[in-house]
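Written below as structure tokens is the structure these notes are about.
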Amino acid sequence: MQRVFVAALAMLLVALAGCNPKEKTGEGQETGLGPGPDKTSTAATGPVKLGFCFEETGDAATFGTSSRKGCEMALDELNAAGGLFGAPITSQFEDNASKSDQAATAASKLANQDKVNAVIGCVASSNSIAMAKILEDAHIPQISPASTRVDLTLNEDGSVKKYIYRTCFTDDFQGTAMANFAVNGPLHAKNAVLFYAADNDYAKGIYETIKNTAASEGLTIVAEDSFLSSSETDFRTKLSKFKSLNFDVLIVPGYYKEAALIANQARELGLKQPLLGGDGFDSPDLWKNAGKNIEGSFFTNHYAADDPDPAVQDFIKKYKERYGGNVPDAMAILAYDCVNCVVDAYKRAGSIDPDALVKALSETKDFKGAAGSITINDKHNAMKKLVVMQVGDGGALHWVYTYNPGQPTTGMAGGAAAPPAEGTTPSGGTATPPAGGTPPASGETPPAAPPAPPPAAPPAGGN
Ligand code: PHE
């Protein structure tokens, strides 16, 4: 009797979930993977509670505040459209205060106390890695929207962690693109100085990639040094050592806080070379703290706000309407896309079961995010395009270049020998000069020139 009742209840729940007119299974997904969840399955289907952990305070606070805004916007939209499995998605946000020990504490709390079904976060790779250690053991899927360090998803032996994913590109791609851009972009650099944050896993990974790829990209590293971003604020002694050197670009793997200080102090010492950074430069505080000292510098990033792609522009419009006039930074759009991508995977999984979710995440193909299409590879990383941005007057960021996944670097305009002519991109789109330029609507077109051999293998992942 009881069995009959349970079966009837399960059928009713499945029917309700299936009948929800607002819930479109696989929305935005063009996977060709079939019709989605098996509606006859009796696997648990709801309600879903998502945990979130970001840098909402501390040294990298703009990463977390932007991420949370992107997540809350996505959650509200999803819930307004019927939620997931016929119930609203609930959420629990934790602030890691930009510290990895607090990220670990938050992961334990989300797993053991809040009993969330999956965790979205963090932004900083060091913090995501600290959470991953706990969540992998707890069998709770973790999806980082923005952490790019290669070994986040890997065990020490190089095998892939079962429950850890990300919906962004990785630093082997980013670091190689930086080295390639230094040489082939408008800087036409031959010699570079590398100055990186040695207490930041992300910065170390980019530093190692650039070290390993510079020579094959045609870039000579004439000097390098490191600093501790958690304790150093005066970089003058180290920077002054670079003064007598002949170099074209100061490459700074690190976050916006130190980038602003380094730009200010470099200019004060008379160093005129532009800075080149990675996505960690992306913060409204970069311009706020460095102003004109950072103007003209470049960094690689996940999206260009001046991309005319309607998906990008729709997101920006909605975001501005909701939060006021500011142009969203990359974290906001990455977090928004991550929540939508995870919910899409849940819908395809048809279950809150963690193993079903990670299977669906692994099968993610061409998920249409606002910042571009997401396909998850066998290392649980997203294959996504990368853009290079230049800091313009007033802190406005201008798109300069796009690198497509699988076409890193030497594919760029036919390789190191040919600096990209202004007006072309490696993706075959058209570009306008950096200042005031707008990117092509899509970076999806094939490379203009046949890609040269792939870059040197990325660093083993290291520490
Ligand atoms: N990629 C950086 C990291 O892994 C975090 C980041 C992402 C910062 C996007 C800014 C924008 O640490």
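Observations on the structure shown:
- Tally, over the stretch 163-207, of residues that are within 18 Å of Leu250 (Cβ to Cβ), in contact with a helix residue (DSSP H, G or I) (Cβ under 8 Å, 6 or more places away or on another chain) and of a type in the set (D, E, K, R): 1
- Residue in the stretch 332-355 that is outside the structural domain of Gly392 (by TED's automatic domain parsing), β-branched (Val, Ile, Thr) and within 16 Å of the ligand (Cβ to nearest atom) present: yes
- Test: residue in the stretch 104-120 that is charged (D, E, K, R) and within 16 Å of the ligand (Cβ to nearest atom): no
- Given (1) within 16 Å of the ligand (Cβ to nearest atom); (2) in the same structural domain as Ile251 (by TED's automatic domain parsing), index of the condition Asn184 fails: (1)
- Answer from Gly296, Gly280, Gly291 - the residue that is in the same structural domain as Gln390 (by TED's automatic domain parsing), modelled with pLDDT of 95 or more, more than 16 Å from the ligand (Cβ to nearest atom) and touching a strand residue (DSSP E or B) at 6+ places or on another chain (Cβ under 9 Å): Gly296
- Only residues that are within 10 Å of the ligand (Cβ to nearest atom) and more than 15 Å from Ile143 (Cα to Cα) were counted across the stretch 56-70, and they come to 4.
- Criterion violated by Ala146 - all others in (1) over 21 Å from Asp329 (Cβ atoms); (2) of a type in the set (A, V, I, L, M, F, W, C); (3) within 11 Å of the ligand (Cβ to nearest atom) satisfied: (1)
- Those helices (runs of 4 or more DSSP H) lying entirely in the stretch 230-337 with at least 1 residues within 22 Å of Phe63 (Cα to Cα): 256-268, 284-290, 310-323
- Out of Asp329, Asp378, sole residue that is farther than 13 Å from Arg166 by Cα and either of a type outside the set (A, V, I, L, M) or in the same structural domain as Pro141 (by TED's automatic domain parsing) (or both): Asp329
- In the set Ala215, Ala203, Ala177, Ala182, only one residue is surrounded by fewer than 16 Cβ atoms within 10 Å (Cβ to Cβ) and in a helix (DSSP H, G or I); that residue is Ala215.
- Lys368 meets all of the listed conditions (1) away from the ligand (no atom under 15 Å from the Cβ); (2) in a loop (DSSP other than H, G, I, E, B); (3) touching a residue at least 60 places away in the same chain (Cβ under 8 Å) but one, namely (2).
The values are calculated or read from the model by the stated rules, or taken from the named source; none is laboratory data. Small disclaimer: the values here were computed from a predicted structure and weren't measured. All Cβ positions, glycine included, derive from the backbone under ideal geometry; neighbour counts span all protein chains shown.
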